[in-house]
């Protein structure tokens, strides 16, 4: 294993960086920085939706001058120390997210190709160009050393524009990114430091990273910027407290995996979760509003689970499924002989939910008469079974849900105004899936894994065009529709294969792609045009000849008709290119 250069001295840049592979006894090998195309192909632009996607993460473009203004506002409002901590932790979060993306896209590509996805992702995101000067990775033994040059860093540029040249490094967010990415990659805390910076007058920025314990006692000086909690004061963590990187990682994971047993990361999803957690400990009546299929019943079940009534029954009733003549007996119960056919006494839903929660789904479909009887029971807290004279006390929390606009129903006279106000104590609106598209990739993977396990199949994931179609589809049936579509796709897909459009949209669903992909020259191309010609309408595989002809035309277009350049782009000789052009009758 090569000697680790001192992080406080400049090491001459190597023309060929070196990598120590994973596993015991790994030998030093030379390498080249891998192609970035596999990462660039995951970048999608959807201007009609106001969204940019990098794989399953929503991104945004930001003016470098705006970043500088934000940093200045933080520094002047909170002080440089606090501002640096906030910006560093933002970078850590981004690095941890990109590490998960790299794991998914390059985990089978070898250690160094896998790891270098992070430096390439920050380049793809327009932040900086990274050049590895030295790199040693041995995940098995926990050894890591990295030395990277940061060329044309946007963060340093923003800082210099506001404050000029100073005595302190300024790439706080990038250092945090490196810490988050490498710590997640290595499975142990890796600390990075910026030892050269354009904000200090150097011609480029440079960072060095290695395990925390190898930095010695002065690591505490840097670790304080990665603490979660108090932004101003930092106190050493007790011995049994998780390391800073573990707490940050746990917090990052909490945005996707939560106590609700559901997945989501969008603002709309998290707002609903927040409201549910706030109201759960109380006995307030809750009214879930939203379209069919958005998950109102699941949220109501979790509200009950988080409440003080969690150990008592949760009883659900679909009001639309109960015939009007049976509403009273279903809700309040019936005594033997109460009506013809009542051969035994039976408690109603309210009585069965005593001490717990009664969920009234589709409450807007109840008849006007049934609404009056329900209102009295809710107000008085007592019921009478059909055919009985005995009054029974019940202690029930009511949670209702509807996809009907109850305000309009009240105006139209189809829903009782007094019942509406009795139910509308704490309304929670669950947004439709088309308004929280950030959740779509997470839900796709969640349903795919769950249904594959259910049906005993192995599915590798989704093809890119399938992801585009899923993100752009309007989802009129919301989460319920997605679950059904993916289950159907898992059943149709070959074992060990990936889900494609032909597996997903088989029932006449109207979907389209309005996203743009990035070309090799950095320009944008409509995703629909990027698909290969000759594809079957349902998204089957194109013919090999059509694929080759498409590649030839794309190379000619990119080379602007220059056959020699087009041949180099395709990694073939010029005569071979000329022969294939004649074969496919393509004019140069």
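The values are calculated or read from the model by the stated rules, or taken from the named source; none is laboratory data. Worth saying up front: this structure is predicted, and the values here are computed from it rather than measured. All Cβ positions, glycine included, derive from the backbone under ideal geometry; neighbour counts span all protein chains shown.
Condition first: free of Cβ contacts under 8 Å to residues at least 12 places away in the same chain, in a helix (DSSP H, G or I) and in contact with a helix residue (DSSP H, G or I) (Cβ under 9 Å, 6 or more places away or on another chain). Now tell me which residues in segment 400-410 satisfy that.
410
Being modelled with pLDDT of 90 or more, in the same structural domain as residue 402 (by TED's automatic domain parsing) and either surrounded by fewer than 21 Cβ atoms within 10 Å (Cβ to Cβ) or touching a strand residue (DSSP E or B) at 6+ places or on another chain (Cβ under 6 Å) (or both) is the requirement here; does residue 352 meet it? Give the derivation first.
Values: modelled with pLDDT of 90 or more: yes; in the same structural domain as residue 402 (by TED's automatic domain parsing): yes; either surrounded by fewer than 21 Cβ atoms within 10 Å (Cβ to Cβ) or touching a strand residue (DSSP E or B) at 6+ places or on another chain (Cβ under 6 Å) (or both): yes.
Against the criterion (modelled with pLDDT of 90 or more, in the same structural domain as residue 402 (by TED's automatic domain parsing) and either surrounded by fewer than 21 Cβ atoms within 10 Å (Cβ to Cβ) or touching a strand residue (DSSP E or B) at 6+ places or on another chain (Cβ under 6 Å) (or both)), residue 352 qualifies.
If the requirement is being crowded, with 16+ Cβ neighbours inside 10 Å, touching a helix residue (DSSP H, G or I) at 6+ places or on another chain (Cβ under 9 Å), under 22 Å from residue 125 (Cβ atoms) and modelled with pLDDT under 90, which of these qualifies: 148, 185?
On the way: 148 fails: modelled with pLDDT under 90.
Of the residues listed, the single one that is crowded, with 16+ Cβ neighbours inside 10 Å, touching a helix residue (DSSP H, G or I) at 6+ places or on another chain (Cβ under 9 Å), under 22 Å from residue 125 (Cβ atoms) and modelled with pLDDT under 90 is 185.
With respect to residue 126, is the statement that it is in contact with a strand residue (DSSP E or B) (Cβ under 9 Å, 6 or more places away or on another chain) and either modelled with pLDDT under 90 or outside the structural domain of residue 87 (by TED's automatic domain parsing) (or both) true?
Here the answer is no, as residue 126 does not meet what is asked.
Out of (1) modelled with pLDDT under 50; (2) surrounded by fewer than 16 Cβ atoms within 10 Å (Cβ to Cβ); (3) touching a helix residue (DSSP H, G or I) at 6+ places or on another chain (Cβ under 6 Å), what's the single condition that is false for residue 536?
Evaluating residue 536 over (1) modelled with pLDDT under 50; (2) surrounded by fewer than 16 Cβ atoms within 10 Å (Cβ to Cβ); (3) touching a helix residue (DSSP H, G or I) at 6+ places or on another chain (Cβ under 6 Å) leaves (3) as the failure.
Could you identify the single residue in 199, 161 that is surrounded by fewer than 22 Cβ atoms within 10 Å (Cβ to Cβ) and either assigned by TED's automatic domain parsing to the domain that holds residue 117 or assigned to a helix (DSSP H, G or I) (or both)?
Just one listed residue meets the conditions, 161.
Against the definition (under 30 Å from residue 491 (Cβ atoms) and assigned by TED's automatic domain parsing to the domain that holds residue 281), how does residue 424 come out, yes or no?
Details: under 30 Å from residue 491 (Cβ atoms): no; assigned by TED's automatic domain parsing to the domain that holds residue 281: yes.
No, not satisfied.
Here are some conditions: (1) in contact with a helix residue (DSSP H, G or I) (Cβ under 6 Å, 6 or more places away or on another chain); (2) within 30 Å of residue 276 (Cβ to Cβ); (3) free of Cβ contacts under 8 Å to residues at least 60 places away in the same chain. Residue 500 meets all but one. Which one does it not meet?
Among (1) in contact with a helix residue (DSSP H, G or I) (Cβ under 6 Å, 6 or more places away or on another chain); (2) within 30 Å of residue 276 (Cβ to Cβ); (3) free of Cβ contacts under 8 Å to residues at least 60 places away in the same chain, residue 500 violates only (2).
Scan segment 451-475 for residues that are loosely packed, with under 15 Cβ neighbours inside 10 Å, modelled with pLDDT of 85 or more and within 21 Å of the chain's Cα centre (by Cα) and report the count.
1
Can you tell me which residue among 308, 336, 296 is surrounded by fewer than 19 Cβ atoms within 10 Å (Cβ to Cβ) and at pLDDT 90 or above? Give the derivation first.
Working: 336 fails: at pLDDT 90 or above; 296 fails: surrounded by fewer than 19 Cβ atoms within 10 Å (Cβ to Cβ).
Just a single option satisfies the conditions, and that option is 308.
When residues of segment 121-136 are filtered for being in a strand (DSSP E or B) and surrounded by fewer than 22 Cβ atoms within 10 Å (Cβ to Cβ), how many remain? Walk me through how you get there before you give the answer.
Residues of segment 121-136 in a strand (DSSP E or B): 129-136.
Right, trim to surrounded by fewer than 22 Cβ atoms within 10 Å (Cβ to Cβ) and you get 129, 131-134.
Total satisfying the criteria: 5.
Please go through (1) outside the structural domain of residue 292 (by TED's automatic domain parsing); (2) farther than 27 Å from residue 60 by Cβ; (3) in contact with a strand residue (DSSP E or B) (Cβ under 8 Å, 6 or more places away or on another chain) for residue 438 and return the number of the only condition it doesn't satisfy.
(2)
Only one of (1) surrounded by fewer than 18 Cβ atoms within 10 Å (Cβ to Cβ); (2) in a helix (DSSP H, G or I) fails for residue 377. Which number is that?
(1)
Looking for something buried (at least 18 other Cβ atoms within 10 Å of the Cβ) and over 30 Å from residue 281 (Cβ atoms) - is there at least one such residue anywhere in segment 386-407?
Yes: segment 386-407 contains one or more residues that are buried (at least 18 other Cβ atoms within 10 Å of the Cβ) and over 30 Å from residue 281 (Cβ atoms).
Given 85, 79, 91, 95, which one is at positive phi and assigned by TED's automatic domain parsing to the domain that holds residue 179? Steps first, answer last, please.
Details: 85 fails: at positive phi; 91 fails: at positive phi; 95 fails: at positive phi.
Testing whether each residue is at positive phi and assigned by TED's automatic domain parsing to the domain that holds residue 179 leaves just 79.
Could you check segment 411-448 and list, in sequence order, the residues that are in a loop (DSSP other than H, G, I, E, B) and within 11 Å of residue 285 (Cβ to Cβ)?
Taking segment 411-448 first, the residues in a loop (DSSP other than H, G, I, E, B) are 413-416, 424-425, 430-432, 436.
Those that are in a loop (DSSP other than H, G, I, E, B) and within 11 Å of residue 285 (Cβ to Cβ): 424, 425.
Looking only at segment 271-293, count every residue that is crowded, with 16+ Cβ neighbours inside 10 Å and assigned to a helix (DSSP H, G or I) and tell me the total.
Residues that pass the stated criteria total 5.
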